[in-house]
1. Provide the per-residue ³J(HN,Hα) series for the stretch 212-220, in order, calculated from phi with Karplus coefficients 6.51, -1.76, 1.60 and θ = phi - 60°, each as a whole number of Hz, with x at glycine and proline positions.
2. Go through the stretch 172-189 residue by residue and turn each phi into a ³J(HN,Hα) via Karplus (6.51, -1.76, 1.60, θ = phi - 60°); whole Hz please, and just put x for glycine and proline.
3. Please go through the residue pairs Lys292/Lys391; Lys42/Lys404; Lys307/Lys404 and name each one whose alpha carbons sit more than 31 Å apart in this structure.
4. Starting at the first residue of the stretch 251-260, write each ³J(HN,Hα) from the Karplus equation 6.51 cos²θ - 1.76 cosθ + 1.60 with θ = phi - 60°, in whole Hz, x for Gly and Pro.
5. At a threshold of 8 angstrom on Cα-Cα distance, excluding pairs fewer than six apart, so keeping six or more, what relative contact order does the chain reach in percent?
6. Semi-axes of the equivalent ellipsoid of the chain: what are they in whole Å, largest first, if each equals the square root of 5 times a C-alpha gyration tensor eigenvalue?
7. Work out which helices of the chain, taken as complete DSSP H runs, extend at least 24 Å along their axis over the Cα atoms and score a mean Kyte-Doolittle of -1.0 or more, then list them.
8. Please list the non-local residues whose amide H lies under 5 Å from the amide H of Arg265, H modeled 1.01 Å from N, same-chain partners needing a gap of 5 or more.
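A short reminder: the numbers here are calculations on the coordinates, not readings from a lab. Source: prediction; values computed, not measured. We place every Cβ from the backbone using ideal geometry, glycine too, and count neighbours over all the protein chains shown.
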Amino acid sequence: MSPGNLWDELDREDATGLAELVRRGKISPAELLEHSIKRMNKLNPVINAVTLRHDELARESLTMLDRETPFAGVPFLLKDLAVAMAGTGITNGSRFFAGMQLDHDGELVRRFRAAGLVIVGKAASPELGLTTTTESAANGLVRNPWNLGLTARGSSGGSAAAVAAGLVPIAHASDGGGSIRIPAAACGLFGLKPSRGRVPFPIRRYQGWAGLSTHFAVTRSVRDAARLLDAVAGPEAGAAFMTAPRGGEFLAATRQRQRPLRIARLPAPLSGTPVDPQCERAVDLAVEACRKLGHKVEVATPAIDFKAYNAAFGTVVAVNTRATLNDCEKQLGRACTPQDVEPVTWFIAEAGRQIDALTYAAACETFDQTARQSAAFFADWDLLLSPTLAKPPVPLGVLSLSPKDFQQYSTEVSLFSPYASLANVTGQPAMSLPLAESSVGMPIGVMFLGRYAEESTLLGLASALERELPWRERRPRFGAA
């Protein structure tokens with residue numbers, strides 16, 4: 001295949017389609033890889049989505065590639081946060097971690113490789129994944145391919161920007177408070193956060209942020225997410241949380257006709273945050289499409305104490321941030337100082353130092369109470385529908401961990417993302433679909449929260465909505481440059 005045609009294929013196809021081309025001998029894995037490298041060389045200096053390159057390791061991995069694997073030869077990025085790939089570095093978006101090298105592959109990394117994915121580098125994250133934009137003093141600003149002056153959101157913004165711009169067709173992402181769904185919404189992608197325990201960790205750690213964090217991917221299509229979940233889901237020996245899959249169920253769910261679902265539309269964020277009318281109109285669009293598909297949609301609000309679980313969320317994140325820095329101090333043999341990390345990171349870590357064990361235990365119990373409250377609501381409902389975000393993407397700098405005004409930073413964070421964290425607290429699966437656009441052509445995501453361990457319901461609906469309101473042909477002009 002000629003280079004020109006290959007360029008067109010990579011821009012048009014999803015990961016499943018590219019793997020099929022490899023299996024049919026239409027494209028070689030080496031051609032795919034070199035095209036991805038060429039595209040990174042050309043476009044990454046502009047969007048700054050990729051922080052670490054693994055070109056030679058990727059080329060070497062092609063000698064061991066099994067062309068019958070689900071994603072044989074498909075270029076792939078790992079998120080540069082809490083991920084272990086032997087023989088490579090990691091920055092965690094921080095100057096303090098610069099130069100750190102990994103000596104092993106995490107379990108999820110092994111499963112990505114076993115699925116045929118070719119790891120070409122690592123995508124940017126904000127420092128320790130602590131904010132909903134991907135900007136860091138260590139690695140700079142990640143720009144949204146739809147508008148280079150706006151944030152790609154975060155913390156998986158590097159992965160989302162890279163997929164939106166066509167550097168790779170699929171990329172690893174993680175979600176501790178919305179960090180798969182939030183950048184997927186900002187960059188016009190499908191973002192699925194699996195249930196707690198569904199997918200193993202990509203580092204020698206069995207939970208992150210006391211179970212808040214889940215790893216998976218951002219994708220161009222629903223079928224890519226379903227096929228990848230079939231490939232990587234399953235318990236890891238010794239893991240704190242496990243959710244056993246039934247083999248092959250996720251891709252199958254995208255091909256089956258669904259029973260009529262009961263969908264609750266959330267009338268307002270549990271926090272009371274104001275919502276941009278454009279985000280509400282995106283939900284209206286989703287409601288109309290769901291009803292057309294035969295599902296019942298009614299307004300309902302779960303009886304959940306947002307104030308309590310939000311405070312507990314802050315407690316758990318602060319303590320775990322302090323613990324992460326402590327672990328790094330031991331590895332480096334020196335103390336972390338305010339000069340090593342960004343101001344908000346230092347503030348959060350110092351807050352974590354002051355929290356006592358009983359307060360932390362109470363926060364974890366609040367999470368359990370919230371999960372019980374949510375389970376009671378989902379006894380009557382299959383899904384909860386809301387905007388993914390309260391506003392379309394914002395300019396770079398607004399949500400940086402090095403803000404000029406701490407109070408303004410705190411206010412802005414709460415204004416933009418009041419929906420996503422509930423799924424992390426309860427462990428339920430949730431997804432963002434890019435069903436709408438803003439008045440200036442920016443993607444707007446719509447979020448569905450499902451019952452625990454019922455990703456199949458989410459994926460079945462997502463596949464139907466993808467057919468009803470197709471988004472794959474909507475690409476940023478920059479991505480086709």
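1. 5, 8, 9, 10, 6, 6, 10, 9, 7
2. Karplus-based 3J(HN,Hα) across the stretch 172-189 equals 4, 8, 9, 9, x, x, x, 6, 8, 6, 5, x, 4, 5, 6, 10, x, 10 Hz.
3. Lys42/Lys404
4. After applying 6.51 cos²θ - 1.76 cosθ + 1.60, I find 5, 4, 5, 6, 10, 9, 6, 7, 5, x Hz.
5. Relative CO of the chain lands at 18 percent.
6. Sorted largest first and rounded, they come to 30, 28, 22 Å.
7. The answer, listed by residue number, is 29-47, 306-332, 357-377.
8. So Arg265 has HN proximity to Glu298, Val299, Ala300, Leu385.
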